[in-house]
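Okay, so here's the structure we're looking at.
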Amino acid sequence: MCLMNSYNQLKIDVISKVSINKISIKNASQILNKSTRTIERYLKKYKRYGVGFVKHGNSGRVPINKSSVHLESEVKSLIKKKYYDFNILHLKDFLKREENIVINRETLRKWAHQIHHVKRKKRRRTKARYRRERAAQKGLLIQLDGSPHKWFGKDKSCLIAAIDDADGSLLHGEFFHTEDSINCMRVLQSIIQKYGTFNVLYVDRAGIYGGQKRALFSQVKRALEELGIQIIFANSPQAKGRIERVFNTLQDRLIPEMRLRNVRSYQAANYYLQRQFIPNYWNKE
């Protein structure tokens, strides 16, 4: 028994009439929207196989690239028990690196959908904004900011990070209890010791950087002035969107990795961020 859709039934009807000269090949090509060469191939197969010519040659065969049921079951189990807070691309990378499982992203996405484990971004209507051009070369402009969040453990901590505006490379990141003057200067000191001085620091209008509340007595601003580094203040979070997007990505990827590594202390978190994540993942990928 062969079940056919309406198009295949039309194809059989047209080709059968072509075979007994009731319809010309040219008219058949117009009806089926195929070339005359294709109609000739259909006619040749019809004379050889009869109505079975509409059946595709691969029909009923297992695709050569089909993943095994055992692999599918293993990956779904890993997602449920181990990688439940990873996004699809991050999960694909981790399966290859940690589990030695190489799998197509869309196949992985399909399996994740089947077990309802797909992270979806919150979509909000955004206002169109002018995109600021990147700095002309590395070392000219550095963006610095802090992000209070539950990065590890049950309590909130603050990640202070800096990126080079020219290429978005993560220069330094460090976890602290709060974003204050001393901790910001520690981050700046680490950057200068490693890369040398830069020209401009791009920050928000927080008082620790010399914003409106502490315009005349900011220790960070005073230290930077002595080094000949200019401070530029952003008028909105969107103005320093590059460092904000870095924090979004870090929250999406760094948190699951530290949870997987059982990171629970500031020392362990800073070690993993600075020795593992930034050099081996961020600045490579």
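The number of residues in region 269-285 that are in contact with a Leu (Cβ under 8 Å, 6 or more places away or on another chain) and either buried (at least 16 other Cβ atoms within 10 Å of the Cβ) or part of a helix (DSSP H, G or I) (or both) comes to 4.
Among the residues of region 235-264, those that are open to solvent by 80 Å² or more (accessible area, probe 1.4 Å) and part of a helix (DSSP H, G or I) comprise Gln238, Arg245, Asn248.
Scanning region 81-95 for any residue that is among the aliphatic types (A, V, I, L, M), in contact (Cβ under 8 Å) with a residue 24 or more places away in the chain and in contact with a Lys or Arg (Cβ under 9 Å, 6 or more places away or on another chain) turns up at least one such residue. List the pairs whose first member sits in region 228-250 and is of a type in the set (D, E, K, R), whose second member is exposed (fewer than 15 other Cβ atoms within 10 Å of the Cβ), and whose Cβ atoms are under 8 Å apart, counting only residues at least 6 apart or on separate chains? Pairs that qualify, where the first residue is of a type in the set (D, E, K, R) and the partner is exposed (fewer than 15 other Cβ atoms within 10 Å of the Cβ), are Glu244/Pro237; Glu244/Gln238. Assessment of region 62-78 against the conditions (open to solvent by 90 Å² or more (accessible area, probe 1.4 Å), over 30 Å from Lys11 (Cβ atoms) and not small (Gly, Ala, Ser)) yields at least one matching residue.
Per-residue answers, yes or no, for (1) without any contact (Cβ under 8 Å) to a residue 40 or more places away in the chain; (2) open to solvent by 20 Å² or more (accessible area, probe 1.4 Å):
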position	(1), (2)
His149	no, yes
Cys158	yes, no
Ala161	no, no
Asp167	yes, yes
Thr178	yes, yes
Met185	yes, yes
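Among residues that are open to solvent by less than 30 Å² (accessible area, probe 1.4 Å) and part of a loop (DSSP other than H, G, I, E, B), Phe198 is included. With respect to the numbered conditions (1) open to solvent by 50 Å² or more (accessible area, probe 1.4 Å); (2) hydroxyl-bearing (Ser, Thr, Tyr); (3) in contact with a helix residue (DSSP H, G or I) (Cβ under 9 Å, 6 or more places away or on another chain); (4) part of a loop (DSSP other than H, G, I, E, B), which one is the sole condition not fulfilled by Tyr7? Against the list (1) open to solvent by 50 Å² or more (accessible area, probe 1.4 Å); (2) hydroxyl-bearing (Ser, Thr, Tyr); (3) in contact with a helix residue (DSSP H, G or I) (Cβ under 9 Å, 6 or more places away or on another chain); (4) part of a loop (DSSP other than H, G, I, E, B), Tyr7 comes up short only on (4). Every test in (1) under 17 Å from the mean Cα position of the chain (by Cα); (2) open to solvent by 80 Å² or more (accessible area, probe 1.4 Å); (3) among the aliphatic types (A, V, I, L, M) is passed by Leu91 save one, and that test is (2).
The values are calculated or read from the model by the stated rules, or taken from the named source; none is laboratory data. For clarity, every value in this text was computed on a predicted model and none was experimentally measured. With ideal geometry, Cβ positions are generated from the backbone for all residues, glycine too; neighbour counts draw on all protein chains shown. Only protein heavy atoms, including side chains, enter the accessible area calculation; ligands, DNA and RNA are left aside. Shrake-Rupley method; radii C 1.70, N 1.55, O 1.52, S 1.80 Å.
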